[in-house]
Structure formats: C-alpha cells, structure tokens
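I have placed the structure first, in the form of structure tokens, so that the comments after it can refer back to it.
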C-alpha cells in the first residue's frame, strides 16, 4: 500500500450547472502537490496547502471528488465535504482507489470589508489639514 498520494487542489473557479444540469468547475486554477505522506496528513495541512496556492487567508469550504461509477462527471453527486480529519482519512481511501490521486475543490471567502481608496482633491486635503490643526 502506498504511503503517498497526490493532491490536485482546484481553486478560484465556480461550480455551475451546464445545459444537462450537471455541475462543472469552470474558470479555475489548480495546484498539484505530489508525494504527500498520508500518515501525517490532516485537515489543517490541506487548508494550509490551499491557502499557499494563491496566498489566500480564508478557506470557507473544501470538498473532494469521490469517484462513483457512472456519475464521474457530476460534481453534485461526487463532491464529498472535507471538514474533519475523519473526512481526510476517507479521502485518502478514495485516493488509493483512484491511482493514489484525489481532486480537492476549495471555496475561498472574499473579504467584504474591502476599502476603496479615493484620492482627495487639493481642496479636500487642505480642509482636512485645517480641521486637524484646529482639533490639536
């Protein structure tokens, strides 16, 4: 039995339904991590790898492709949640039955507190500076 697996980490894309109502992962990128030692693999390690792919800070959801006969192209049926270390053990078993390779799909949180920087006009800057001087 192999002690190592390959993780294919998909990120940035979107899960969308095609005209046949099957879910597909569109427009994403992926990172490949080879020879991952399975005896020490945990959920935290996978989250860290996903974050490393593009310097992400927040991962909201992880799922892995669990191969089922006859429905291999439908992510809705095959995507299994990856939220606990027990799920990681199940994922390793799925990888072993799939040539020691597993595909993981990540959903990232986008920071909703993004700040838009708008330059001040000369008058606005001068007024702000005056107000600051008066308050001192």
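Using the Cβ-Cβ distance between residue 59 and residue 20 with R0 set to 35 Å, the FRET efficiency from 1/(1 + (r/R0)^6) comes to roughly 0.75. Modelled spin labels at residue 3 and residue 101, positioned 7 Å past Cα toward Cβ, are 2.3 nm from each other. Summary of packing: across the peptides 94-103, 10-19, 122-131, the per-residue average of other C-beta atoms within 10 Å ranks them, highest first, as 94-103, 10-19, 122-131.
How much length is gained if the chain between residue 42 and residue 89 is pulled fully straight, taking 0.36 nm per residue apart and subtracting their Cα-Cα distance, in nm to one decimal? It would help to have the intermediate numbers written out before the result.
On the way: separation 47, 0.36 × 47 = 16.92 nm, distance 0.83 nm.
Contour length minus the Cα-Cα distance gives 16.1 nm.
FYI, it's all coordinate maths here, none of it is from the lab. Please read all numbers here as calculations on a predicted model, not as lab measurements. As a convention, Cβ positions derive from the backbone with ideal geometry for all residues, glycine included, and neighbour counts pool all protein chains shown.
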